Amino acid sequence: MYIDGFFHKAYFIGGYEVEVLHNRLFDYGVRAVKSPKHPVTNLPLESYRMVFLDESADAAESNLTYVYEEGREVMDGLVQGLTNNPKGMPAKGMSIVTPRQVSSYHRIGTCGICFKNPSRSLHLVPAFG
């Protein structure tokens, strides 16, 4: 089966479907910057990494689940400056004058993925000598 620029999903007779996506993290992420270069293409070796994830469901339960650190799903924070609070942010405890000129709003969270059956997924790592 040939998949080119016009198609990114293939359907098979047995009900299987394969979707091919380009993950730019492998080309431009932190690991790609630190990765050695391919001797011919001069691309990071990380660009040749391929990951196949099985997202199917068994007994109405998905193989792929999202997990969060308890109490840290999403945390908000405000560093008060000499400007007004953003709309919707509480103003309690924010009456101290600071030398900062600008307020900043920060939102952090943690998320990971967990496989119920990891043997159905595949991770291919480039091995160039």
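Filter segment 51-73 down to residues that are open to solvent by less than 90 Å² (accessible area, probe 1.4 Å) and among the hydrophobic types (A, V, I, L, M, F, W, C) and give me whichever is nearest to Gly112 (Cα to Cα). The qualifying residue nearest to Gly112 (Cα to Cα) is Val67.
Considering only residues of segment 33-50 that are in contact with a His (Cβ under 9 Å, 6 or more places away or on another chain) and not in a loop (DSSP other than H, G, I, E, B), which is surrounded by the most Cβ atoms within 10 Å (Cβ to Cβ)? Residue satisfying both the conditions and the ranking: Pro44.
Only one entry in Pro44, Pro39 is modelled with pLDDT of 85 or more, touching a helix residue (DSSP H, G or I) at 6+ places or on another chain (Cβ under 7 Å) and over 23 Å from Lys9 (Cα atoms), namely Pro44. Looking only at residues in segment 1-32 that are within 15 Å of Met50 (Cβ to Cβ) and not in a loop (DSSP other than H, G, I, E, B), the one that is modelled with the highest pLDDT is Ala32.
The values are calculated or read from the model by the stated rules, or taken from the named source; none is laboratory data. All figures in this text were calculated on a predicted structure; none of them were measured in a lab. We place every Cβ from the backbone using ideal geometry, glycine too, and count neighbours over all the protein chains shown. Accessible surface areas use protein heavy atoms only, side chains included; no ligands, DNA or RNA. Shrake-Rupley method; radii C 1.70, N 1.55, O 1.52, S 1.80 Å.
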